[in-house]
Amino acid sequence: MTDIVDASEQILCRLSDIEDGDARGCLPADGQDQLFVVRRGAEVVVYLNSCPHNWRPLEYRRHQFLAPDHSHIICYAHGAHFEIDSGYCFAGPCEGKSLVRIPSRLAGDCVVVPRALPPTRWDG
Amino acid sequence: MNIVGLDSLVFGVDDIAVCATYLEDYGLSKVDQSATAARFEAIDGTGVEIRLASDAALPPANAPAPNLRETVYGVGDEATLAAIASELSKDRDVIERDGVIHTFDDSGFAIAFQRTVRRKIELPPYRVNVPGQADGRPVNQIGADPAARPRPQTLSHVVYFVPDHEKAERFYAERLGFRTTDRFIGMGPFMRPQGTLDHHCLFLIQSFNSHMVGLNHFTFHMAGASEVWQAGYQFEQKGYRTFWGPGRHLFGSNHFWYFNSPFGGAIEYDADMDRHDDSWQPREAPANADTSQIFLFQARELWAPGP
Ligand code: FES
Ligand SMILES: [Fe+2]
């Protein structure tokens with residue numbers, strides 16, 4: 001599998017690990033998933049797990065990043081709402097700001113992102 | 001006015017089952033649950049009510065769902081209830097239903113008042129062994145019990161984002177007799193009603209945009225720091241995500257551990273809050289990392305040194 005991935009890249013998870021329409025936290029460090037992936041059919045979007053309000057993780061429980069109807073992303077710290085496709089915050093404390101998008105590609109069933117990632121931060 | 005503290009927080013949520021599991025895992029006791037509503041209690045009968053956000057029985061929302069829909073205060077006597085009704089009906093609609101007074105504060109939050117549901121609780125002493133002091137644990141009594149399941153004792157405080165913190169503070173101070181115990185400059189006051197000495201049961205945070213509305217966080221008192229840490233650690237082991245903590249605040253001195261939640265704001269475990277009477281002079285400080293806590297830690301997986 002590794003031969004399909006460049007040395008500057010890393011495999012995050014498998015597309016088939018994520019139910020269509022759902023999200024998944026990935027790349028745990030110190031008990032915190034650094035990135036999360038949202039699956040839409042055969043496509044994914046990957047974001048830094050860090051809300052532009054207080055730069056804290058978004059989910060309230062492992063992998064719980066979305067509204068119950070999967071229509072948008074919610075930061076479960078203070079309820080910021082984000083569009084899935086753009087990461088744009090359309091309601092909540094950081095309205096007008098956006099999640100940090102991580103470029104990604106699919107290599108077969110593998111979700112692939114760069115090895116070099118922006119740092120997760122504790123404050124803005 | 002003899003307002004003794006928070007009796008209940010009512011939330012409009014998207015998924016009753018998920019929120020019910022969350023509250024049980026947090027440590028509250030289920031009183032009842034249906035497909036559209038549920039109620040959970042701490043040891044003293046204060047607690048949380050959840051309803052579907054679309055429920056017409058809820059006061060109108062001031063923030064996108066899920067969020068807080070009503071804050072219910074407990075009062076100590078009928079005279080206080082009557083005084084509140086007469087004071088607030090001077091300039092706003094006040095509805096009385098089944099002995100509960102419902103209205104809105106000056107920031108758009110639904111508030112209610114009732115004869116308190118709080119039960120007097122007598123719990124075994126929270127015992128710690130301190131050199132030079134009597135009253136530690138009795139000899140041969142064990143302190144660290146991995147099977148212990150610390151339970152929230154009583155609803156402690158709620159925190160709102162408000163459009164104008166000075167106007168919001170005036171409402172609670174002038175209309176309901178709340179005392180400001182301390183204040184973050186430019187952010188907002190910590191307030192306690194007259195029926196309790198707890199440092200705060202309400203904290204107001206200035207919003208800096210029109211979308212920063214509704215709940216910031218809410219919390220229940222635990223018996224002490226060790227219970228905050230053990231309950232928080234167990235909660236995190238279940239997959240729930242820390243927002244901030246564990247640590248210890250400066251204003252209020254309460255130990256804290258905050259978690260993200262499906263209620264529109266964070267939930268906290270707190271313990272060992274300062275108590276103040278009317279002789280206390282409010283302090284003020286700018287809100288920053290140094291003034292927000294005296295220490296801050298991060299939970300780790302259990303670990304042991306090798307041989
Ligand atoms: S940290 Fe995300 S809404 Fe506050
Ligand atoms: Fe708090």
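Can you tell me which residue is least open to solvent (accessible area, probe 1.4 Å) among those in the stretch B:121-152 that are under 22 Å from B:Glu41 (Cβ atoms) and among the aliphatic types (A, V, I, L, M)?
First, the residues of the stretch B:121-152 that are under 22 Å from B:Glu41 (Cβ atoms): B:121-124, B:126, B:148-152.
From what's left, among the aliphatic types (A, V, I, L, M): B:121, B:123, B:148.
Working: B:Ile121: 63, B:Leu123: 74, B:Ala148: 33 Å².
For the stretch B:121-152, the residue satisfying everything is B:Ala148.
What is the residue count in the stretch B:89-113 for residues that are over 24 Å from the mean Cα position of the chain (by Cα) and among the aliphatic types (A, V, I, L, M)? Before you say what the answer is, go through the steps one by one.
Let us first name the residues in the stretch B:89-113 that are over 24 Å from the mean Cα position of the chain (by Cα), namely B:89-98.
From what is left, the residues that are among the aliphatic types (A, V, I, L, M) are B:94-95.
So the answer is 2.
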Quick one: would you say A:Val46 is at pLDDT 95 or above and more than 16 Å from ligand 1 (Cβ to nearest atom)? yes
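Taking the condition within 13 Å of another protein chain (Cβ to nearest Cβ), buried (at least 18 other Cβ atoms within 10 Å of the Cβ), under 13 Å from the mean Cα position of the chain (by Cα) and among the small types (Gly, Ala, Ser), does A:Gly25 pass?
Numbers: within 13 Å of another protein chain (Cβ to nearest Cβ): yes; buried (at least 18 other Cβ atoms within 10 Å of the Cβ): yes; under 13 Å from the mean Cα position of the chain (by Cα): yes; among the small types (Gly, Ala, Ser): yes.
Judged against the criteria, A:Gly25 is a match.
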Among the residues of the stretch A:35-50, is any crowded, with 19+ Cβ neighbours inside 10 Å, among the hydroxyl-bearing types (Ser, Thr, Tyr) and more than 16 Å from ligand 2 (Cβ to nearest atom)? yes
Does the stretch A:47-69 include one or more residues that are small (Gly, Ala, Ser), in a loop (DSSP other than H, G, I, E, B) and more than 29 Å from B:Gln298 (Cβ to Cβ)? no
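Name every residue in the stretch A:19-43 that is outside any strand (DSSP E or B) and modelled with pLDDT of 95 or more, in order of residue number.
Initial filter on the stretch A:19-43 (outside any strand (DSSP E or B)): A:19-22, A:30-31, A:41-42.
Hits for the stretch A:19-43 are A:Glu19, A:Asp20, A:Gly21, A:Asp22.
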Which of the residues spanning the stretch B:228-256 are within 16 Å of ligand 1 (Cβ to nearest atom) and of a type in the set (Val, Ile, Thr)? B:Thr242
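Which fully enclosed strands (runs of 3 or more DSSP E) of the stretch B:46-105 have 2 or more residues being within 14 Å of chain A (Cβ to nearest Cβ) and either modelled with pLDDT under 95 or over 28 Å from A:Ala80 (Cα atoms) (or both)? Before the answer, list the steps.
Values: elements: B:47-52, B:67-75, B:95-97, B:100-104.
Of the strands (runs of 3 or more DSSP E) lying wholly inside the stretch B:46-105, none has at least 2 residues that are within 14 Å of chain A (Cβ to nearest Cβ) and either modelled with pLDDT under 95 or over 28 Å from A:Ala80 (Cα atoms) (or both).
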Name the residues in the stretch B:190-216 that are open to solvent by less than 10 Å² (accessible area, probe 1.4 Å) and within 16 Å of ligand 1 (Cβ to nearest atom), would you? B:Met212, B:Gly214, B:Leu215
Does the stretch A:54-72 contain at least one residue that is within 13 Å of ligand 1 (Cβ to nearest atom), farther than 18 Å from B:Phe263 by Cα and open to solvent by less than 60 Å² (accessible area, probe 1.4 Å)? yes
Here the qualifying pairs (Cβ atoms under 9 Å; residues six or more apart or on different chains; first in the stretch B:154-175 and part of a helix (DSSP H, G or I); second open to solvent by 40 Å² or more (accessible area, probe 1.4 Å) and within 16 Å of ligand 1 (Cβ to nearest atom)) come out as B:His165/B:Met187; B:His165/B:Gln206; B:Glu166/B:Gln206; B:Ala168/B:Gln206
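Considering each of B:Phe259, B:Phe295 in turn, give the residue that is hydrophobic (A, V, I, L, M, F, W, C) and closer than 29 Å to B:Ala61 by Cβ. Steps first, please.
Details: B:Phe295 fails: closer than 29 Å to B:Ala61 by Cβ.
None of the other options fit; the residue is B:Phe259.
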Quick check on the stretch B:188-206. Is at least one of its residues within 13 Å of chain A (Cβ to nearest Cβ) and out of contact with any Pro (no Cβ under 7 Å at 6 or more places or on another chain)? yes
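Given the stretch B:222-302, what strands (runs of 3 or more DSSP E) lie entirely inside it while holding 2 or more residues that are in contact with a Gly (Cβ under 6 Å, 6 or more places away or on another chain)? Steps first, answer last, please.
On the way: elements: B:242-248, B:255-259, B:266-271, B:283-286.
So the answer is B:255-259, B:266-271.
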B:Ile50 passes all but one of the listed conditions (1) open to solvent by 20 Å² or more (accessible area, probe 1.4 Å); (2) under 28 Å from B:Val94 (Cβ atoms); the exception is number (1)
Total residues in the stretch B:252-262, condition within 10 Å of ligand 2 (Cβ to nearest atom) and within 11 Å of another protein chain (Cβ to nearest Cβ): 1
So which residues in the stretch B:257-289 are free of Cβ contacts under 8 Å to residues at least 60 places away in the same chain, surrounded by fewer than 24 Cβ atoms within 10 Å (Cβ to Cβ) and away from ligand 1 (no atom under 16 Å from the Cβ), if there are any at all? B:Asp272, B:Ser279, B:Gln281, B:Asn288
Hits in the stretch A:81-110 (condition: more than 14 Å from chain B (Cβ to nearest Cβ), surrounded by 14 or more Cβ atoms within 10 Å (Cβ to Cβ) and in a loop (DSSP other than H, G, I, E, B)): A:Ile84, A:Gly87, A:Leu99, A:Val100, A:Ser104
Quick one: would you say A:Phe65 is in contact with an Asp or Glu (Cβ under 6 Å, 6 or more places away or on another chain) and within 14 Å of chain B (Cβ to nearest Cβ)? yes
Considering only residues of the stretch B:223-251 that are within 15 Å of ligand 2 (Cβ to nearest atom) and within 14 Å of chain A (Cβ to nearest Cβ), which is nearest to B:Pro282 (Cα to Cα)? B:Gly247
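The values are calculated or read from the model by the stated rules, or taken from the named source; none is laboratory data. Because the structure is predicted, anything quoted here is derived from the model rather than measured. In this analysis, Cβ positions are derived from the backbone assuming ideal geometry, glycine residues included, and neighbour counts consider all displayed protein chains. Heads up: the accessible areas ignore ligands, DNA and RNA and are worked out on the full protein's heavy atoms, side chains in. Shrake-Rupley method; radii C 1.70, N 1.55, O 1.52, S 1.80 Å.
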